[in-house]
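Values quoted throughout were computed directly from the atomic coordinates according to the rules given, and no laboratory measurement underlies them. The shown structure was predicted, so the numbers you read here are calculated from the model rather than taken from an experiment. Cβ: placed from backbone, ideal geometry, glycine included. Neighbour counts: every protein chain shown.
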Amino acid sequence: MSTMHPQDIILDTNVVLDWLVFEHASGLAIGRAIATGELRWIVSPALQEELVDVLGRLLYLPTLLRWSARHAPAMAGLHAWAQPVAAPGPLPFHERLRCTDPDDQCFIDLAIARRTPWLVTRDHALRRLARRARPFGVAVGTPEAWALACTGRQPVSTP
């Protein structure tokens, strides 16, 4: 049995959708690492609230209704694999990174406060913070960048 602790990871909402709803290869690769215990997917109350809200949209938004059958399994995945953590307190001034998208501020705040090794996102506003997050031990990147860094190869693309 390994004495290694799983590495914490924060997933933005689109990456969670890629994994639990759309079953995109890059999302599935992260999901496998979470399911096998290599990664620990952490969520603050704000992140959990956003995920529940967005997953709920599968049941009523016309553009997402074709995915409505994935709502219950996605919610089950959220409850099974997301590890709740406390909301971060106010960060010291020198650690505050401002995201241009206020809805995404909670992701970067949690990553910086907890020195989470990976914030995996497709969001441009968060990815623009990658260079500034690095000194705090946080790598901000796409699922494909995570796969390349962690496995040395790109995930298989889906049709």
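Things worth noting here:
- Seen from M4, the other residues with C-beta closer than 14 Å to its C-beta sum to a net charge of -1, counting Lys and Arg as +1 and Asp and Glu as -1.
- Overall Cα dimensions of region 84-137 - principal axes, largest extent first, Å: 25, 23, 20
- Seen from G27, the other residues with C-beta closer than 13 Å to its C-beta sum to a net charge of -1, counting Lys and Arg as +1 and Asp and Glu as -1.
- Sparse-neighbourhood loop sites, chymotrypsin sites (Phe, Trp or Tyr not before Pro) in region 55-138 - DSSP loop, at most 16 other Cβ within 10 angstrom: Y60
- Its Kirkwood hydrodynamic radius, worked out from the mean inverse distance over all distinct Cα pairs, puts region 1-47 at 11.2 Å.
- Enclosing the Cα atoms of region 6-83 in their convex hull gives a volume equal to 77 cubic angstrom per residue.
- Taking Cβ atoms as reference points and 9 Å as the exclusive limit, the residues near F136 contribute a net charge of +2, counting Lys and Arg as +1 and Asp and Glu as -1.
- Using θ = phi - 60° in the Karplus curve 6.51 cos²θ - 1.76 cosθ + 1.60, the 3J(HN,Hα) couplings for region 132-148 round to 6, 7, 3, x, 9, x, 10, 9, 10, x, 6, x, 5, 5, 4, 4, 5 Hz; x is entered for Gly and Pro.
- Region 39-129 - Rg and Dmax from Cα coordinates, angstrom: 14.6, 45
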